[in-house]
Amino acid sequence: MVIRQINIKIVLLTIVLMLLSSCSALQSTAPVKPVEVSSMLVFEPDRVDMGIVKEGEDAIVFLRVRNAGDVMATIATVETSCGCSVAEPEQSLLMPGAFTRIKVVVDTFAKQGDAKKWVQLTDDLGHHNRAWLNLKVVENPHLQSSARSIFQGKCAACHFDAAKGRSKGPEIYTAVCGMCHGDKGQGAAAPSLQQHHDADILAAVIANGTGTHHMPGFALNQGGPLTDQQITELSKWLSTLDETGQKR
């Protein structure tokens, strides 16, 4: 009887050890989420105040980039936060410790107040680094009679092209409205759209604009990007927003 009990204990212990070994093997083979690695090509500094600029004038800054690594690296691509900003590196290949500059030109047409932009570089290994630009755009009286439109040129990438294929109110808003009116309609460079509960009035303003180049008519017959159906969906959704940007 004693020998039998000992044998049972040995069997149970063996089973437990096998289970523990299996769990350990499963844990060791579980996929590991990759860690985002920043590029060794770094902006110095990574935050720049571009000061005060009159609307319509180009805001220009040169961002310094240094290779902080031990091997040479290449700037593969440079991207900006929107189509109104253009960034070009003076040199792409950098030896360890070497510097270059990226020239950034921001088109301030139709911008008002505080503006925030970013410039992102990607190196030849696919790693990124980003610099942030802040500027304040003030009124330029010479632009009051400008025939230029936010639906043309570089501005079209954000204000016109982005509307294509959007059918729901929230996605239309994010595509062509949020950059000026805030991500929740709370207001930013343009006024708040929260707690405006008359969908018909909202639709009329969206379609026909306010008579300024900051807010032109977004309807197709006004030269804008939105169909009648898109305007209807957008205005209905906006009319439901409360003071926090949530649906009532």
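Out of Pro216, Pro225, I need the residue that is at pLDDT 90 or above, open to solvent by less than 40 Å² (accessible area, probe 1.4 Å) and more than 21 Å from Ser167 (Cβ to Cβ). Which one?
So the residue among Pro216, Pro225 that is at pLDDT 90 or above, open to solvent by less than 40 Å² (accessible area, probe 1.4 Å) and more than 21 Å from Ser167 (Cβ to Cβ) is Pro216.
Please indicate, with yes or no, whether at least one residue in the stretch 163-182 is over 28 Å from Ser39 (Cα atoms), in a helix (DSSP H, G or I) and among the polar types (S, T, N, Q).
yes
Residues that are without any contact (Cβ under 8 Å) to a residue 60 or more places away in the chain and under 16 Å from Lys116 (Cβ atoms): find the strands (runs of 3 or more DSSP E) completely inside the stretch 48-100 holding 2 or more of those.
Those strands (runs of 3 or more DSSP E) span 73-80, 85-89.
Looking at Ser192 and the list (1) within 17 Å of Leu234 (Cβ to Cβ); (2) surrounded by 19 or more Cβ atoms within 10 Å (Cβ to Cβ), which single condition is not satisfied?
Of (1) within 17 Å of Leu234 (Cβ to Cβ); (2) surrounded by 19 or more Cβ atoms within 10 Å (Cβ to Cβ), only one is false for Ser192: (2).
In this structure, does Cys158 turn out to be without any contact (Cβ under 8 Å) to a residue 40 or more places away in the chain, buried (at least 16 other Cβ atoms within 10 Å of the Cβ) and either part of a loop (DSSP other than H, G, I, E, B) or not hydroxyl-bearing (Ser, Thr, Tyr) (or both)? Talk me through it step by step, then tell me what you get.
Details: without any contact (Cβ under 8 Å) to a residue 40 or more places away in the chain: no; buried (at least 16 other Cβ atoms within 10 Å of the Cβ): yes; either part of a loop (DSSP other than H, G, I, E, B) or not hydroxyl-bearing (Ser, Thr, Tyr) (or both): yes.
Considered against the rule, which asks whether it is without any contact (Cβ under 8 Å) to a residue 40 or more places away in the chain, buried (at least 16 other Cβ atoms within 10 Å of the Cβ) and either part of a loop (DSSP other than H, G, I, E, B) or not hydroxyl-bearing (Ser, Thr, Tyr) (or both), Cys158 comes out as no.
For Thr174, which of the numbered conditions (1) hydroxyl-bearing (Ser, Thr, Tyr); (2) under 22 Å from Gly56 (Cβ atoms); (3) out of contact with any strand residue (DSSP E or B) (no Cβ under 9 Å at 6 or more places or on another chain) fails to hold?
Evaluating Thr174 over (1) hydroxyl-bearing (Ser, Thr, Tyr); (2) under 22 Å from Gly56 (Cβ atoms); (3) out of contact with any strand residue (DSSP E or B) (no Cβ under 9 Å at 6 or more places or on another chain) leaves (2) as the failure.
Mind listing whichever residues of the stretch 110-124 are open to solvent by 60 Å² or more (accessible area, probe 1.4 Å) and not in a strand (DSSP E or B)?
Result: Gln112, Asp124.
From the set of residues in the stretch 230-247 that are charged (D, E, K, R) and in contact (Cβ under 8 Å) with a residue 40 or more places away in the chain, which is least open to solvent (accessible area, probe 1.4 Å)?
Among those residues, the one meeting the criterion is Asp242.
With Gly209, Gly187 as the choices, which residue is exposed (fewer than 14 other Cβ atoms within 10 Å of the Cβ), under 26 Å from the mean Cα position of the chain (by Cα) and small (Gly, Ala, Ser)?
Just a single option satisfies the conditions, and that option is Gly187.
Of the residues Asn129, Asn134, Asn140, which single one is touching a Ser or Thr at 6+ places or on another chain (Cβ under 9 Å), closer than 30 Å to Phe218 by Cα, surrounded by 13 or more Cβ atoms within 10 Å (Cβ to Cβ) and touching a residue at least 40 places away in the same chain (Cβ under 8 Å)?
When all the criteria are applied, what remains is Asn140.
Just one of Asp46, Asp70 is farther than 29 Å from Ala189 by Cβ and of a type outside the set (Val, Ile, Thr); which is it? Working first, answer last.
Numbers: Asp46 fails: farther than 29 Å from Ala189 by Cβ.
Testing whether each residue is farther than 29 Å from Ala189 by Cβ and of a type outside the set (Val, Ile, Thr) leaves just Asp70.
I'd like the residue in the stretch 81-93 that is among the polar types (S, T, N, Q) and modelled with pLDDT of 95 or more and, out of all such residues, is most open to solvent (accessible area, probe 1.4 Å).
Going through the qualifying residues, I end up with Gln91.
Let me spell it out: the conditions are (1) assigned to a loop (DSSP other than H, G, I, E, B); (2) open to solvent by 90 Å² or more (accessible area, probe 1.4 Å), and Ile150 meets all of them except one. Which number is the exception?
Just one mismatch for Ile150, condition (2).
So for the stretch 94-109 (the condition being farther than 29 Å from Ala189 by Cα and open to solvent by less than 20 Å² (accessible area, probe 1.4 Å)), does at least one residue qualify?
Within the stretch 94-109 (the criterion being farther than 29 Å from Ala189 by Cα and open to solvent by less than 20 Å² (accessible area, probe 1.4 Å)), the answer is yes, since at least one residue qualifies.
The values are calculated or read from the model by the stated rules, or taken from the named source; none is laboratory data. These numbers come from a predicted model, not from an experiment. Note that each Cβ is placed from the backbone with ideal geometry, even for glycine, and that neighbours are counted across all protein chains shown. Keep in mind that these areas ignore ligands, DNA and RNA; they rest on the heavy atoms of the full protein, side chains included. Shrake-Rupley method; radii C 1.70, N 1.55, O 1.52, S 1.80 Å.
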